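Single-structure report; data block below.
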């Protein structure tokens, strides 16, 4: 993956766009990655994959509810908080 500094991205925007058409481009600010630029086609592909994943998860949840496999809201939020805390570590 090619990398541009934020200043280079600003000053060489045309080059950045051309590079992003070919592959994802990382943009760094103060030496840390802050964004990735991708082509419209790649973004559309990600959106499609995400929509399919979300549809699968919804279908799985509906099937679980039909089978009576449900949890209380408190238990759900406890699990979500735990997962978020592990992800932030």
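Quick look at the values:
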| item | result |
| --- | --- |
| Candidates 38, 58 - the one that is touching a helix residue (DSSP H, G or I) at 6+ places or on another chain (Cβ under 9 Å) and free of Cβ contacts under 8 Å to residues at least 40 places away in the same chain | 38 |
| Residue within region 38-53 that is assigned to a loop (DSSP other than H, G, I, E, B) and either at pLDDT 95 or above or surrounded by 10 or more Cβ atoms within 10 Å (Cβ to Cβ) (or both) present | yes |
| Qualifying residues in region 11-32 (those that are touching a strand residue (DSSP E or B) at 6+ places or on another chain (Cβ under 6 Å) and without any contact (Cβ under 8 Å) to a residue 24 or more places away in the chain) - the one nearest to residue 1 (Cα to Cα) | 24 |
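The values are calculated or read from the model by the stated rules, or taken from the named source; none is laboratory data. None of these values were measured; they are calculated from a predicted model. Quick reminder, even Gly has a Cβ in these numbers, built from the backbone with ideal geometry, and neighbours come from all protein chains shown.
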